[in-house]
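Reading through the C-alpha cells given below for one structure.
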Amino acid sequence: MTADPSPVQPAPGPSPVSGPAPGAPGIPPTWSSSAKEAVGTSHYASRVWFTVGRGILNEVYWPRVDRPQIRDLGFIVADGAGFWSEVKRDARSEVRNVEPGVPAVVAVHRHERYELALRICADDHADVVRIEARLDDRRDPGDPDRAAHPLRLYPLLAPHLGFSGVHDRAWTGTYKGHPMLFAANAPYALAFASDPAPVRQSVGYVGASDGWQDFARNGRMTWTYGSTGAGNVAGMTEIALDDGVAHLALGFGELPEEAALQVTSALAGHFEPAWEEYVGNWRSFLHTCAPPPAELGEELTALYLDSAAVLRTHQDRTSPGATVASLSIPWGNARNDLGGYHLVWSRDLVESAGALVALGARASARRTLAYLVATQEPDGHWVQNQWVDGVPYWRGVQLDEAAYPILLVGALRRSGAAHMHGRAADEAAAFAHLVTETALDRMIAAAASFIARTGPSTQQDRWEENAGLTPSTLAPVVAALVDAAAFLPGPAAAYCLELADDWNASIEEWTYARGTPLARAHGVDGYYVRIASPDVLGGAPISTPVPVRNRPAGRGTVPADEMLGTDFLALVRFGLRRPDDPRILATLAVTDALLRTDTPGGAVWHRYTGDGYGEHADGAPFDGTGIGRGWPLLVGERGHYELEAGRDARPYLETMRRLASAGGMLPEQTWDAEDVPGRGLRRGRPSGSAMPLAWAHAEYVKLARSVALGRAIDRPEAAWRRYQGQRPAATRATWRFTAPRPAMMAGRMLRFELLAPCRVHCSVDGWVTVRDVDARDTGLGVWVADVPGSDRLPPGAAVDATFYWPEVDRWEGRDVRVVVTDQGT
C-alpha cells in the first residue's frame, strides 16, 4: 500500500530557466516602511490583519495580531517588449478606506501608461487577504502596439514567515491542479494564487534571483525558477488580464496544504459578495459605537470613525482583549527586528480601551480588563511589553503601567453609570463592583500593593528611558491609589488614600525646579522637570544628573533641571492641579518656547529637550541615536489641557487631522524640519516612526468626546473629588530604605514605611528617651510606623531610629537620622 500523494505538487513542465534559484541566501532582509496608509482586518472570524503602504500590501499578520508573515506584496506592470514599471515607485498612488470607519481599502495607482485600481479586504470566513486588481491600459485603443504587446500584471511577494525573512523556503507548485506560489518556515506557511491562473511563476533570493532583479536585468520576465532553499526569498507570477481584472488571494496555514485550501476556496467564490460582507460587518461595528459629536464636522468626523476602526483593528482575535501598540515596525525598511510595535504595552492597551469606553464599545473594554487580569505578574505589576499570549518581550517595570488598569476599572464603572440603563446597567454595575474574592478585586489589590511597595520612583518613565520621579507617572499613580481605595478593605483603603495624599503633596518637592538659569532666562520662578533622579528621595537636589537614552557616546547624562518635557500636563489631566496653577503656567511658558515647533499642519510638541528618538538631521533612520520629532498624540494632550482651561480644543483636533496620512493614519512622530525629498520626509507629514499609533488614535477619539463633554472624558472622578485640582497640605514626611530622606519640614509627622513586620526603636531627643513603635500592617505589603511627637519638633531637632525585624529576630545594625528643618517647597 502506498501513501496518498500530497495535493501540493511542483509546477509541471520544462521552462527556459528552471530548477533551483541561484544566489542563496539573498541580501539581509528588512521590513517595509512603517508609513502605513491603511490597516484592516475582518470584523468576523478571519485571523489575518493587513497593512497598506505606498498603495500596496505591506505586512500581513497571522494567526495573531503580533505575528507578521510577509514583508509586502507589490506589482510590476509590463508589456513584455521592454516597458516595465514597478507600481509603488513609478505611479502616483491614492489610498483610502471605502468609507470612513470601514477599513476596506481602495488604492489607485496612476501612470501615463496605465491605471491600476486595487480593492483590498480580508475574507470574513478564511485566513485570507483578498485583492481585486483592475488594470487599465491608457494607450490609445488604436495604437497597434497595444494589441501586439498587451499589459500584464506581475505580483511580487516577499514572505517573512516566522517574524523574519532569513529562513523562508519558497517554491512554485499546484494544489489539486491549481498553480500557485508557496512559502514555508515551520510552523508557518502561505500560498498565493490568482484568477485567472498565472501564465508563469518564479521564486528566487531577494537581491539575486527574485522577480524584480529579472526585470531590472532583462526588462521582462525571463526566469522561472522552481524552488529556493532557506533564505530571504521572494516569488513572482505573471497574469494575463483578458478583461482587465484579476482576483488574488494570499492565505496562511500551519502547512502549505492548509494555506492552499484557504486560497482555493476563496477564489472559488465571487469577490463582490465577500467585499460587501466585509464592509457590512464593519458598518455593524460602527453602529455599536457612540455617534460622532455633531460639532465635529465632516473631516473631523471621518478621522473619528477611522480611529475607531484603527483601534478595533489592533485588537487580537485569539487572545480577546489584547491590543498591540501599532501594526508597524518603526523604520522597518532599515531593520529586521523581532519586535516592532506589534506588542502589548499595558499603558497603550488601557489608553486604547479608554477610547473604546468613550466610543461606547464597553464590551471590548471589558475584555481588555479580563486580559489584564490574566496577564498580571504575581507581584502585581505588568511587564514593560509582551506578546499577546502574555510572554514578556522587554522586562522593564513602569509604575504607571500598574496604575492604568486600576483606572480602567474606574472608567468602566463611570461609563456604566452614565450611559447604560436597565439590564445593561445592572450588568455593568455588577462587573465594576465585584466582591473581594473575585479576580477583579485581586487584580486591584495586587496592583495597588505593587505601587505602594515600589513607588514613588519608577524604574522607567512612560517613554521607557529613565528611572526616577516624573509627573506623567506620579499623576496616574496617585489617581489609581484613590480609585483603588473604593475596592479595598478598610486598612488597605485608608492607606491608599494616605499614600496618595503624601505623594501628591510631594510632587513639587520632587520635580519642581526653582531659580535655575533656565527659569531666569524665561522669566519664571521655576518649572516641572521631565524627570528627577531617584536620589532626590534621599535628599539629592533636583539638579542631580539623569541618564538619557538615544544620545551619542559621551552625552548620555544631563542635569535633571535642564531637561523639560510635556509630562507635567498629566497633573491637570488627572485632576491633581488646576490649569491656572502658577507652576503649571510657568512650565507651559518654558516648554512652549523649547518644545513647540510649527508645521504646515499646525503646532506640534517634542517629548522633551534633547530627545534622541527619531531620524537624524539628514533624515537617516533612527539607529540608536537621532533627533526626536513632534508627536501628534502630544497635540491631543495639549488639547485636553486647553479644554480644562476653558478654551476651545477643536483647533487641536484639526491639527491632528492635518498631521494624519491621506488614509487617516496618525503617526507616532511628524517630520518638523526642512523637507528631505530623497528620503520622502516633508515638513508636517509623518516621519519614519510607527504609523498608525493606536495611542494617538485613542487620544484623538477621547479629545473628540471630551470636546462634546466639556472636560477630559477620562479624568478620574475619585481623584478630582478628593483634590479638586489643589495640592493637599503635607502632614507627613515618609522614610523608606529606598527613599532615605535626611530631613523633613517642621510640623510634619515622620512615618517609616517598611516592607516587612518591624519594630521601630526611635528617639526624638538624641536617645535620651526612646520609644518602640510596632509598625502596623496596611494590608498592601507595607508596614508603617508613625513616630510619636515628631510633628511637634522644632527646626534643628532630629529623629533617630533603628529597626528590629521580628520574623528573623534581627536588628538592622545601624541608626538613621532625620533632621527637622524649616525649608521646603
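The values are calculated or read from the model by the stated rules, or taken from the named source; none is laboratory data. All values reported here derive from a predicted model rather than from experimental measurement. Every residue, glycine among them, receives a Cβ derived from its backbone with ideal geometry; neighbour counts consider all protein chains shown. In case anyone asks, the SASA skips ligands and DNA or RNA and just uses the protein heavy atoms, side chains included. Shrake-Rupley method; radii C 1.70, N 1.55, O 1.52, S 1.80 Å.
I'm trying to understand the selection: among the residues of segment 574-603, which are open to solvent by less than 50 Å² (accessible area, probe 1.4 Å), closer than 22 Å to Asp714 by Cβ and assigned to a loop (DSSP other than H, G, I, E, B)?
Phe574, Gly575, Leu576, Arg577, Pro579, Asp581
Would you tally the residues in segment 661-710 being surrounded by fewer than 21 Cβ atoms within 10 Å (Cβ to Cβ), charged (D, E, K, R) and part of a loop (DSSP other than H, G, I, E, B)?
4
Could you list all residues from segment 483-505 that are open to solvent by 10 Å² or more (accessible area, probe 1.4 Å) and either closer than 17 Å to Gly725 by Cβ or outside any helix (DSSP H, G or I) (or both)? I'd like the intermediate steps shown before the answer.
The first filter runs over segment 483-505 and keeps only residues open to solvent by 10 Å² or more (accessible area, probe 1.4 Å), leaving 485-491, 493-494, 497-498, 501-502.
Residues satisfying the conditions are Ala486, Phe487, Leu488, Pro489, Asp501.
Pairs under 8 Å by beta carbon, first residue within 22 Å of Glu674 (Cα to Cα) in segment 571-598, partner surrounded by fewer than 22 Cβ atoms within 10 Å (Cβ to Cβ), six or more apart or different chains?
Matching pairs, first to second residue: Ala593/His522; Leu594/Thr609; Leu595/Thr609; Arg596/Ala603; Thr597/Ala603.
Here are Ala266, Ala274: which of them is part of a helix (DSSP H, G or I) and more than 32 Å from the chain's Cα centre (by Cα)?
Working: Ala274 fails: more than 32 Å from the chain's Cα centre (by Cα).
Exactly one of Ala266, Ala274 is part of a helix (DSSP H, G or I) and more than 32 Å from the chain's Cα centre (by Cα), namely Ala266.
Identify the single condition in (1) modelled with pLDDT of 95 or more; (2) open to solvent by less than 50 Å² (accessible area, probe 1.4 Å) that Arg47 does not satisfy, given that it satisfies every other one.
(2)
Answer with yes or no whether Glu115 is outside any loop (DSSP other than H, G, I, E, B), among the charged types (D, E, K, R) and open to solvent by 50 Å² or more (accessible area, probe 1.4 Å).
Details: outside any loop (DSSP other than H, G, I, E, B): yes; among the charged types (D, E, K, R): yes; open to solvent by 50 Å² or more (accessible area, probe 1.4 Å): yes.
Against the criterion (outside any loop (DSSP other than H, G, I, E, B), among the charged types (D, E, K, R) and open to solvent by 50 Å² or more (accessible area, probe 1.4 Å)), Glu115 qualifies.
Name the single residue, out of those in segment 506-516 being open to solvent by 10 Å² or more (accessible area, probe 1.4 Å) and of a type outside the set (Ser, Thr, Tyr), that is nearest to the chain's Cα centre (by Cα).
Trp510
Based on what the data block shows, is Ala268 of a type in the set (Gly, Ala, Ser) and open to solvent by 10 Å² or more (accessible area, probe 1.4 Å)?
Numbers: of a type in the set (Gly, Ala, Ser): yes; open to solvent by 10 Å² or more (accessible area, probe 1.4 Å): yes.
Judged against the criteria, Ala268 is a match.
Is it the case that Ser284 is touching a residue at least 12 places away in the same chain (Cβ under 8 Å), open to solvent by 40 Å² or more (accessible area, probe 1.4 Å), assigned to a helix (DSSP H, G or I) and small (Gly, Ala, Ser)? Walk me through how you get there before you give the answer.
Numbers: touching a residue at least 12 places away in the same chain (Cβ under 8 Å): yes; open to solvent by 40 Å² or more (accessible area, probe 1.4 Å): yes; assigned to a helix (DSSP H, G or I): yes; small (Gly, Ala, Ser): yes.
When the stated conditions are applied, Ser284 passes them.
Among the residues of segment 540-573, what is the count of those that are part of a helix (DSSP H, G or I) and open to solvent by 20 Å² or more (accessible area, probe 1.4 Å)? First the steps, then the outcome.
Just the residues of segment 540-573 that are part of a helix (DSSP H, G or I), to begin with: 560-562, 569-573.
Now restrict to residues that are open to solvent by 20 Å² or more (accessible area, probe 1.4 Å): 561-562, 573.
Adding up the residues that qualify gives 3.
Looking only at segment 712-753, count how many residues are within 21 Å of Asp580 (Cα to Cα) and among the acidic types (Asp, Glu).
Residues that pass the stated criteria total 2.
Which count do you get for residues in segment 636-676 that are more than 24 Å from Leu311 (Cα to Cα) and not hydrophobic (A, V, I, L, M, F, W, C)?
Going through segment 636-676 one residue at a time, the tally reaches 8.
For segment 68-108, which positions are assigned to a helix (DSSP H, G or I) and in contact with an Asp or Glu (Cβ under 9 Å, 6 or more places away or on another chain)? Step through it out loud before you land on a result.
So the first thing to find is which residues in segment 68-108 are assigned to a helix (DSSP H, G or I), and the list is 87-90.
Matches in segment 68-108: Lys88 only.
Only one residue in Thr734, Thr769 is of a type in the set (Val, Ile, Thr), open to solvent by 50 Å² or more (accessible area, probe 1.4 Å) and at pLDDT 95 or above. Which one? So that I can check it myself, show each step before the final result.
On the way: Thr734 fails: open to solvent by 50 Å² or more (accessible area, probe 1.4 Å).
Step by step, each of Thr734, Thr769 is checked, and only Thr769 is of a type in the set (Val, Ile, Thr), open to solvent by 50 Å² or more (accessible area, probe 1.4 Å) and at pLDDT 95 or above.
Matching residues to (1) in a loop (DSSP other than H, G, I, E, B); (2) aromatic (Phe, Trp, Tyr); (3) within 30 Å of Thr511 (Cβ to Cβ):
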{"position": "Ala785", "(1), (2), (3)": "no, no, yes"}
{"position": "Pro788", "(1), (2), (3)": "yes, no, no"}
{"position": "Asp791", "(1), (2), (3)": "no, no, yes"}
{"position": "Pro795", "(1), (2), (3)": "yes, no, yes"}
{"position": "Val799", "(1), (2), (3)": "no, no, yes"}
{"position": "Tyr804", "(1), (2), (3)": "no, yes, no"}
{"position": "Val808", "(1), (2), (3)": "yes, no, no"}
{"position": "Arg817", "(1), (2), (3)": "no, no, yes"}
{"position": "Gln823", "(1), (2), (3)": "yes, no, yes"}
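Pick out the one residue from Ala363, Ala370, Ala308, Ala302 that is at negative phi, outside any loop (DSSP other than H, G, I, E, B), in contact with a helix residue (DSSP H, G or I) (Cβ under 6 Å, 6 or more places away or on another chain) and of a type in the set (Gly, Ala, Ser). Step through it out loud before you land on a result.
Values: Ala363 fails: in contact with a helix residue (DSSP H, G or I) (Cβ under 6 Å, 6 or more places away or on another chain); Ala370 fails: in contact with a helix residue (DSSP H, G or I) (Cβ under 6 Å, 6 or more places away or on another chain); Ala302 fails: in contact with a helix residue (DSSP H, G or I) (Cβ under 6 Å, 6 or more places away or on another chain).
Result: Ala308 is the single residue among Ala363, Ala370, Ala308, Ala302 that is at negative phi, outside any loop (DSSP other than H, G, I, E, B), in contact with a helix residue (DSSP H, G or I) (Cβ under 6 Å, 6 or more places away or on another chain) and of a type in the set (Gly, Ala, Ser).
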